[in-house]
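Reviewing the structure listed below.
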Amino acid sequence: MRKRALLLPFALALSGALSACGLQPMYAGGASSPVSQGLAEIEVAPIEGKAGWLMRNALIDRLNPGGSPAGPTSRYRLDVRLDDSLQGLGLLSNDTISRERRTLRARYQLVDRGSGEIVVDATAGSDAGIDVVSSEYATIAAEQTALENLSREVADRIVTKLALQFRPDAQTAGQ
């Protein structure tokens, strides 16, 4: 009981300090916020391959979750190039692979359609470990699941970086 009494003033002081630090929700204002409106103005260009199809769908879902994806009349175009690799890591005594690493890297550019200017040029990536088991089907399923999860994770990183670009304080800082 005495411990709680000591923690209460500390918690109140900490909450006061956090409120004064200037942190603001990125999506304050919901769908009408500058960040949400900016993200909704991005068309995702087609991306090559199965990993590209997964990545493009994940990006479209995250850029405009409440409506339809932006079309060719949008203000921005997002160009993405993927590098998907699968590498064997662990070797057993009979020279069979026991572990794999799947890596998905994306180089992306946000292009202003009106001026042709590259607004953002960055990379994002992630990797996942996969156990290779005696069932070939299970290994293939694990590789597929890893690719799906990596596509979502890398899409989250890309959208977060783009959202930072559309914050009101980011636009005034660049001028």
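Students often get this wrong: which residues of region 106-138 have the backbone nitrogen under 11 Å from the point 7 angstrom along Cα-to-C-beta of Arg81? What the label zone holds, given the 11 Å backbone N cut-off, is 107-109. Between Thr73 and Thr145, the contour length at 0.36 nm per residue exceeds the Cα-Cα span by 22.5 nm.
Nearest 20 debye, what's the magnitude of the dipole of region 31-167 about its Cα centre given +1 on Lys and Arg Cβ and -1 on Asp and Glu Cβ? Working shown, then result.
Details: 16 positive and 19 negative charges, 89 e Å.
Value, rounded to 20: 420 debye.
Sorting the segments 139-152, 98-111 by their residues' average number of neighbouring beta-carbon atoms within 10 angstrom, most packed first, yields 98-111, 139-152.
Read the figures in this text as sums done on the coordinates, not as results from a lab. Just so we're clear, the structure is a prediction, and the values are computed from it rather than from any experiment. Cβ coordinates were reconstructed from backbone atoms using ideal geometry, including for glycine residues, and neighbour counts include every protein chain displayed.
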